[in-house]
Amino acid sequence: MSAANLEEIRAELARLGAPRAAVDPAAVELMKPQARERPFSKAGWVFELKYDGFRMLAAGGAGEARLRYRGGAEATRAFPELARAVAALPFQRVILDGEAVVLDGEGRPSFQRLQRRGLRTRAIDAARAAVDAPATLVVFDFLACEGFDLRPLPLVERKSLLRRVLPSAGAILLAEEIPERGEDLYAAVAGMGLEGIVAKRAQSPYRGGPSADWLKVRVDRSADFAVVGFNPAHRGFAKLHLAMSDGAGGWIYAGTVGTGFSREDLAEISARLEPAARAASHGAVWVEPRLVVEVRYKEWTEGGHLRHPVFLRVRDDKTAEECLRPGDGLAE
């Protein structure tokens, strides 16, 4: 980008009324979507794909880059190709909000491939993984640029600016949106076997925390749970005991899940749970709530348990305390 274009961007930010203020990426609270059961179509809203990846905040530009997971943990070393792409942006103090994904052979996000990438933090292993299973940062929001705080601007203006500053190809891509036609996008997403959609109010500013201005609609009902116990079996375990945080330091039991595990899942999860064991009773081994898993289910029973649960994946990018009952706006 030329110096003239840089000046045009700065002038545009000033014209839009973006405040001149330094934004500390370490202090940014991410805006989070609330859950909604059904898709909708409505004027004044835009709709995006819900990507099956790691939420990531990218900060840098002009030769520098720092990547952080949604909980604040460092991700720069695990994704050197994304760090290089962010560092190559010709701006100072850029902060981008997006989702890191690894695509499969059909061009669909593969969480399993991404999860393996996230575990490779040694420089040599991460470098190899960047070649064997390269990640893409799908950017859906723009929080800061050139000493301006963009968060007070309407979403449509932030997205318009992103189109002007992001490269047209490479490791960073823009999350495209469709205005008004959420039900059509949802139908297409369901037909392709993708995760779901996110609806966003077009004029909304960026506010940290859960917001009704962002709504996520999953193709299947699913939620994240803390693992609080397991029933031992010859190969790993027969089922996991699940709970959700009550938001005040306590736990609400949600039942068990015993299907959907591969042999690799059984071995990996067992190895991670055994060191966390604290007691045994009624055929179960109870553990400290550290491991988080995502589970698909049909509905909640009247007794507060899951009906027809199926294990989907381990969520290393999320803490047990973040696992709240769907509908509270905090599950993601």
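The values are calculated or read from the model by the stated rules, or taken from the named source; none is laboratory data. Remember, predicted model here, so these are calculated numbers, not experimental data. All Cβ positions, glycine included, derive from the backbone under ideal geometry; neighbour counts span all protein chains shown.
The criterion of at least 1 residues that are within 20 Å of LEU114 (Cβ to Cβ) and of a type in the set (Val, Ile, Thr) is met by the following strands (runs of 3 or more DSSP E) wholly inside region 231-326: 292-296, 310-314.
If I ask for residues that are of a type in the set (Ser, Thr, Tyr) and touching a strand residue (DSSP E or B) at 6+ places or on another chain (Cβ under 6 Å), which ones from region 234-267 would you list? Listed by number, the residues that qualify are TYR253, THR256, THR259. Considering (1) closer than 20 Å to LEU96 by Cα; (2) surrounded by fewer than 16 Cβ atoms within 10 Å (Cβ to Cβ), say which one GLY191 fails and leave the rest. Condition (1) is where GLY191 drops out.
Scoring ILE197 on the criteria (1) in contact with a Pro (Cβ under 7 Å, 6 or more places away or on another chain); (2) under 15 Å from ASP97 (Cα atoms) leaves a single failure, condition (2). Once region 34-49 is narrowed to residues that are of a type in the set (Lys, Arg) and at pLDDT below 95, the residue that is nearest to ALA85 (Cα to Cα) is ARG36.
Kindly indicate whether VAL310 is among the β-branched types (Val, Ile, Thr), over 24 Å from the mean Cα position of the chain (by Cα) and not assigned by TED's automatic domain parsing to the domain that holds ARG36. No. Scanning region 123-151 for residues that are without any contact (Cβ under 8 Å) to a residue 40 or more places away in the chain and either in contact with a Gly (Cβ under 6 Å, 6 or more places away or on another chain) or of a type in the set (D, E, K, R) (or both) yields a count of 3.
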